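The next block holds one structure in the form of structure tokens; read it before the comments.
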Amino acid sequence: MQASVKKYTLDFKRPSGTSRGILTQKETWFLIIRKDGNYGIGECGMFKGLSFDDVPGFEEKLEWTCRHIQKGLPYLLDELRDFPSIQFAVEQAFLSLNSEDFLDLFPSAFTKSEAHILINGLIWMGDESYMLEQIQQKLEMGFRCLKLKIGAIDFRAEISLLEAIRKEYSQEQIELRVDANGAFKPIEALDKLNELANFGLHSIEQPIRQGNILLMKDLCAKTPLPIALDEELIGVVDIKKKEKLLETVKPQYIILKPTLVGGFRGSGEWIEIAERLGIGWWVTSALESNIGLNAIAQWTYTLKNTMPQGLGTGGLYTNNFEGPLQVEKGYIYSRKNKGWQPNLIENLCL
């Protein structure tokens, strides 16, 4: 068994705004395993400025993973606990290597094109006209759940945007989620949550910056609007610490991004604890290419969570790989059995 890594830069079709700045490119890495003439591929989408494993020596750790690939999946996952994005790549690559079809990691009705997953439409930050343009496009595409990135433009403008949506669409017609990416100052967060609650929002992701555990606990206890932890989960790798975090903060929801929280195994630990504590959850991609997104979508289907999932990011890039996933009317489908040929991905592995 041998392994190698290939680095790839994804280019956004249009600069995409978050509270951390404007994104124009996204680096990613592909772990490729070869054995007896077969190959497997996994994406390591470490997110600079956000991932726990955005540290000096990251690429050296990828090379270490390649040198130790013959020690097997359990050994590698344990040794890579501080490198969640590499854990995720290793999981994918071994599943891919051992599958009948190298992209069919979790065979199901979904991979057979017999079932679909309900997803939200993502609205990127920008000026009011750009955000309204995106909203209109998503509604025309059939989405009935929208997630708006907030915290980058003036809060009053964002309130006006929500007012405009609610004038046209009721809570029953359109589910609205917002994601602040930690942009609110703790002193103002509760006031802003009270104002946002007037628009019948489903939830808000990460209202204040991660790491303020007691402040977040207080917010979750007082909020009129359900809070979902996102960045707060990053870097919490020990299962006892995961339990302590959720038991302390008691959020209404958590959001699982496999690239950021240790792949399928790490995400599964969070889900088990959340369900035991009565905390809701859903799965979201983290700007992976179609290779990583395909893996996340297949795994997500097996979880049977009926809430809208955050998997609609496959069309963001000009140079993405052709993938089996297609978005139609607010659902994501796998169309692999409809004449699709993964030539570019196969070439990446050669």
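Okay, here's what the table says:
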| quantity | calculated |
| --- | --- |
| Among 230, 127, 104: highest mean-square fluctuation, GNM of the chain, C-alpha pairs under 10 Å | 127 |
| Relative contact order (%) - criterion: Cα under 8 Å, at least six apart; region: segment 2-100 | 31 percent |
| Additional length obtainable on full extension of the chain from residue 136 to residue 9, 0.36 nm per residue less Cα span | 42.7 nm |
| Residue 125 long-range amide H proximity, modeled H, under 5 Å | 17, 149 |
| Correct option for Rg and Dmax of the Cα atoms in Å [calculated from the coordinates] among [x] 24.4, 77; [y] 27.2, 97; [z] 19.8, 61 | [z] |
| Value at 222 nm in deg cm²/dmol, rounded to 500, when DSSP H runs of n ≥ 4 in the chain each add -39,500 (n - 2.57) | -11000 deg cm²/dmol |
| Sequence-distant lysines (8 or more away, or on other chains) whose Cα lies within less than 27 Å of residue 222 | 147, 149, 185, 192, 240, 241, 242, 244, 250, 257 |
| Of 44, 296, 146, farthest towards positive along the dipole that unit charges on Lys, Arg, Asp, Glu beta carbons give the chain | 296 |
| Sequence-separation-based contact order of the chain, relative, with Cα cut under 8 Å and 6+ spacing, percent | 21 percent |
| Dipole magnitude of the chain about its Cα centre (Cβ charges: Lys, Arg +1; Asp, Glu -1), debye to nearest 20 | 200 debye |
| Exposure proxy order (Cβ contacts within 10 Å, fewest to most) of 300, 259, 223, 24 | 24, 223, 300, 259 |
| Label point at residue 55 placed 7 Å out along Cα→Cβ; residues across segment 69-100 whose backbone nitrogen lies under 14 Å | 79-87 |
| In segment 2-100, lysine pairs with alpha-carbon atoms under 27 angstrom apart (chain gap of 8 or more, or interchain) | 18 |
| Cβ-defined net charge surrounding residue 220, 13 Å radius [Lys, Arg +1; Asp, Glu -1] | -1 |
| Order of 135, 22, 204 - criterion: other Cβ atoms within 10 Å of each residue's Cβ, fewest first | 22, 135, 204 |
| Inter-part distance where segment 187-226 and segment 113-153 are each reduced to a Cα centre, Å | 22 Å |
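Each value in this text was obtained by applying a stated rule to the coordinates, not by laboratory testing. What you see is a predicted model, and the numbers here were worked out from it, not measured in a lab. Cβ sites come from the backbone with ideal geometry, for glycine too, and all protein chains shown count toward neighbours.
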